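In what follows, a single structure is set out as structure tokens and then discussed.
The values are calculated or read from the model by the stated rules, or taken from the named source; none is laboratory data. This is a predicted model, so every value here is computed, not measured. A quick note on method: Cβ atoms are made from the backbone with ideal geometry, for glycine too, and the neighbour counts reach across all protein chains shown. Just so you know, the surface numbers come from the protein's heavy atoms only, side chains and all, with ligands and any DNA or RNA stripped out. Shrake-Rupley method; radii C 1.70, N 1.55, O 1.52, S 1.80 Å.
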Amino acid sequence: MGATSGKRYAVVSCHVERPLDDAVWRRFSALQEARPAGFVVAALMRPADPASGEDEATWLERAREAARRGPLGHHTHWTAPDHARPTGNVTDVRVRDESQGLGGLDLPPTLFCGGGWYTDAEVAETCAELGYVDCTPRAARPPYLLHGEPWASLNAPATVELPSGRELRVIPTTHSLGDLSRALAGRTLPQLVHVYFHDTDLLDWRRRAILRAAFPLLARRARVTDLDTLATHVFAAAPRVGWADVARI
């Protein structure tokens, strides 16, 4: 199941950014329970923000539900619940503080994704220290980023060697729902397809329609697995790269 095995694998994750919105949560829960086209959807959940009045107890209950249905990840919004990218200096402190708040979970997160695709060397070091598999790197630059805004680039799983000497395991995110639809129409897919969507996409019937149409087509062209299962096998044959080869502006 390594990166050079010659087989194509597909995984799906959802950025659960409104876990305390009852309508959004109902739709996400139903989808995750249904396992569309056999996909076990990883829940990359934004932690509750007490400073914004969010209920941590309800969040923990819902995170436990998601963890029972599939892989669980930590999805940081750097500025506010409704503002993913940072607006000032960012350090690893927010990731570390949030991870401590996740200690009440029976099944702690195994995955990470920085909000707005933000990361830096300090965040990467913290993710490695926490044992996360990082999904923040993208196969292509997010189109809305301005010139000079940091992101990270990888198009296949890799072990990233960090400045401290730590190693960060990375399974990059490769396709949005729109990217997937275009790739399926063009009949070109990489060896690993990691599709992501947002929980709020499920409120839009058009986005739901894309998901319902694209996932079965993807399942016909790739071996369906999940992020945790993939992570147990893929790094044995994955390349090793330096942080300088991953970081982008």
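Can you tell me how many residues within segment 218-234 are open to solvent by less than 30 Å² (accessible area, probe 1.4 Å) and either under 17 Å from the mean Cα position of the chain (by Cα) or closer than 16 Å to residue 135 by Cβ (or both)?
The number of residues fulfilling the criteria is 6.
Consider residue 45 against the criteria (1) within 17 Å of the chain's Cα centre (by Cα); (2) open to solvent by 10 Å² or more (accessible area, probe 1.4 Å); (3) not hydroxyl-bearing (Ser, Thr, Tyr): it satisfies all of them except one. Which criterion is unmet?
Looking at each condition in turn, residue 45 falls short on (2).
Return the only residue of 248, 221 being more than 16 Å from residue 13 (Cβ to Cβ), in contact (Cβ under 8 Å) with a residue 24 or more places away in the chain and in contact with a helix residue (DSSP H, G or I) (Cβ under 9 Å, 6 or more places away or on another chain).
221
Only one residue in 164, 176 is under 17 Å from the mean Cα position of the chain (by Cα), free of Cβ contacts under 8 Å to residues at least 40 places away in the same chain and under 28 Å from residue 128 (Cβ atoms), so which one is that?
176
Pull up segment 95-111, narrow it to residues that are within 20 Å of residue 243 (Cβ to Cβ) and either without any contact (Cβ under 8 Å) to a residue 60 or more places away in the chain or part of a loop (DSSP other than H, G, I, E, B) (or both), then point me to the one that is least open to solvent (accessible area, probe 1.4 Å).
Looking at residues that are within 20 Å of residue 243 (Cβ to Cβ) and either without any contact (Cβ under 8 Å) to a residue 60 or more places away in the chain or part of a loop (DSSP other than H, G, I, E, B) (or both), I get 95.
Go through segment 200-212 and count every residue that is of a type outside the set (D, E, K, R), open to solvent by 50 Å² or more (accessible area, probe 1.4 Å) and free of Cβ contacts under 8 Å to residues at least 12 places away in the same chain.
Total satisfying the criteria: 1.
Would you pick out the residues in segment 12-26 that are out of contact with any Asp or Glu (no Cβ under 7 Å at 6 or more places or on another chain), open to solvent by 10 Å² or more (accessible area, probe 1.4 Å) and either under 19 Å from residue 178 (Cβ atoms) or not in a helix (DSSP H, G or I) (or both)?
Scanning segment 12-26 gives a single hit, 21.
Can you work out which of the residues in segment 70-92 that are closer than 21 Å to residue 105 by Cα and touching a residue at least 40 places away in the same chain (Cβ under 8 Å) is surrounded by the fewest Cβ atoms within 10 Å (Cβ to Cβ)?
Per the stated criteria, the residue is 81.
Which of the residues spanning segment 131-154 are without any contact (Cβ under 8 Å) to a residue 40 or more places away in the chain and either over 16 Å from residue 86 (Cα atoms) or touching an Asp or Glu at 6+ places or on another chain (Cβ under 7 Å) (or both)?
Correct list: 131, 134, 138, 140, 143.
Quick check on segment 161-208: of everything there that is touching a Cys at 6+ places or on another chain (Cβ under 8 Å) and not aromatic (Phe, Trp, Tyr), which residue is farthest from residue 224 (Cα to Cα)?
If we take residues in segment 161-208 being touching a Cys at 6+ places or on another chain (Cβ under 8 Å) and not aromatic (Phe, Trp, Tyr), then 168 is farthest from residue 224 (Cα to Cα).
Suppose the filter is open to solvent by 20 Å² or more (accessible area, probe 1.4 Å) and in contact with a Pro (Cβ under 9 Å, 6 or more places away or on another chain); does residue 118 pass it?
Yes.
Please work out which residue is nearest to residue 70 (Cα to Cα), limiting yourself to segment 190-199 and to residues that are open to solvent by 20 Å² or more (accessible area, probe 1.4 Å) and in contact with a Lys or Arg (Cβ under 9 Å, 6 or more places away or on another chain).
198
How many residues does segment 153-173 contain that are touching a Ser or Thr at 6+ places or on another chain (Cβ under 9 Å) and open to solvent by 60 Å² or more (accessible area, probe 1.4 Å)?
Counting residues in segment 153-173 that are touching a Ser or Thr at 6+ places or on another chain (Cβ under 9 Å) and open to solvent by 60 Å² or more (accessible area, probe 1.4 Å) gives 3.
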